Amino acid sequence: MNTRPGVGLPGTVTMRETEELSAEAENAGASSVWVADVRREPYLLSAAALRATARVTVGTDVAVAFARSPAATAQAAWDLAGYGAGRFVLGLGSQVGPTLLSRFGVEAEHPAARLKDYVFAVRACWEAYRKGHGRYEGAFYTIRQPVFSPGPDDPWPAIPIYLAGVNPVMTAVAGEIADGFAAHMFCTPTYLDRIIRPALTRGAARAKRDAPPVHMPLVVGRDRASLALQMTTYTVPAYRRVLDESGLREEADAILAAIADRRRTEAARIIEERCLDQLGVAVLEELPERVRLWRAHADVIGLSVPWYGLDRDAQIALFRDVLHALQRM
């Protein structure tokens, strides 16, 4: 496994900018380039990143699974893997229910069980593509004709699947069926060690296999205030357990109350003063030290930039400064 950090592209970049920044990332020595599902279509951006590079791994961190059928996801990932000669990683996440509904107009009950069935459906499609025939019938998805145009694709590169999670139930699903675990930047070393790792191990035990590696993204900012503001976007009831399990229950109460009352500046102040040092962030000047800290807890480190409170030009400028810092590490 490559121990060099990878990088996550700014969420608002266009396909052309993706090509430029991915090539720069490869030249800077990044081990991987990750595409977010924030503003643009992540599979199109992945194609642009693969086109502009020759060595790095390219993956989605993460694509929202339930916004697309498993057959559509399988088809996109299959073609990207072939196009990139095996350099593509499919990273999937469920997204928080209210956000899933407001962004995509989609509801998905029982997300952990549904995502497990989704992954099985995706892999069944891949097997059908490889053989030229097949079908899938599961608890949530039935795909009777994944191969619409006859003929097998064989040989074809294998495609790793990374699953994202924050809470233990979803994390255990990743431990059971995923090739890697995509941690959230709204995480602490305590939470990763005490909650995430054991949940991955429990899930892996169900499948009688080893737990998958953990990919930990760090948000890199120019100052603590911008990082704290970014973390307010992740301080939601569904994620508050991260703070509770890290000895920050009172802080969680105060932050959530401030956000509910639309006092986001106050929420950011509480995060900056009392929580920030434990979360998955790094001030640019302190990046080497923060990477060393998190390497003691995660298997792979990724570096990204804030998307909240920064316009596109500022995000790209900061991303390039992160690449310069990476070159010196």
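Of all complete DSSP H helices in the chain, those with a Cα span along the helix axis of 20 Å or greater and a mean Kyte-Doolittle hydropathy of -0.5 or more are 111-131, 312-328.
Between the DSSP loop rule and a limit of at most 12 other Cβ atoms within 10 Å, which GluC sites (Glu not before Pro) in region 7-112 are left? Present the calculation step by step, with values, prior to reporting the outcome.
On the way: sites: E17, E19, E20, E24, E26, E107, E109; in loops: E107, E109.
In loop regions of region 7-112 (DSSP not H, G, I, E or B), the sparsely surrounded GluC sites (Glu not before Pro) are E107, E109.
Label sites at S69 and M329, each approximated as a point 7 angstrom past Cα along Cα to Cβ, lie 4.1 nm apart.
Note on A260 and E273: the extension gain reaches 2.7 nm, defined as 0.36 nm multiplied by sequence separation minus the Cα-Cα distance. The mean sequence separation of alpha-carbon pairs under 8 Å and at least six residues apart, normalised by the residue count of the chain, gives a relative contact order of 17 percent. From the alpha carbon centroid of region 147-216 to that of region 302-327 is 27 Å. Relative contact order for region 181-230: 46 percent, from Cα pairs under 8 Å spaced at least 6 residues apart, divided by residue count. Packing, taken as the mean count of other beta carbons within 10 Å per residue, orders the peptides 319-325, 214-220 from highest to lowest as 214-220, 319-325. What is the sum of charges, Lys and Arg at +1 and Asp and Glu at -1, for the other residues whose Cβ falls under 14 Å from the Cβ of I270? Around I270, the surrounding residues sum to -1.
Along the charge dipole of region 255-329, pointing to its positive end and built from +1/-1 on Cβ of Lys, Arg, Asp and Glu, which listed residue (L326, H297, I271) has its Cα farthest out? It is H297.
Overall shape: oblate for region 1-152, with the ratio a/c of the largest to smallest alpha carbon gyration tensor axis at 1.5 or above and b/c at least equal to a/b.
Applying 0.36 nm per residue to the separation of V169 and A139 and subtracting their alpha-carbon distance, the gain on full extension is 9.0 nm.
Here the extension length gained between R295 and R16 equals 97.2 nm, from 0.36 nm per residue of separation less the Cα-Cα distance.
The local environment of A225, defined by Cβ-Cβ distances under 10 Å, has a net charge of +1 under the rule Lys, Arg +1 and Asp, Glu -1. With the simple spin-label model, which puts each label point 7 Å out from Cα in the Cβ direction, the D313 to S102 separation comes to 2.9 nm. Amide H contacts of I301: G6, M216, each under 5 Å away and 5 or more positions distant or on a separate chain (H built 1.01 Å from N in the peptide plane; Pro and chain starts excluded). On the basis of the beta-carbon distance and an R0 of 35 Å, R209 and D153 show a calculated FRET efficiency of 0.85. Our Cα-only numbers for the chain put the radius of gyration and Dmax at 19.4, 60 Å. Each Lys or Arg adds one and each Asp or Glu subtracts one; over the other residues with Cβ under 14 Å from the Cβ of L248, this totals -3.
Each helix, a run of at least 4 DSSP H residues, gives -39500 (n - 2.57); summed and divided by the residues of the chain, these come to -14000 deg cm²/dmol at 222 nm.
Each reported figure results from applying straightforward, stated rules to the coordinates on display, with no laboratory input. Computed from a predicted model, the values in this text were never measured in an experiment. When we count neighbours, we look across all protein chains shown, and the Cβ atoms used for this are built from the backbone with ideal geometry, even at glycine.
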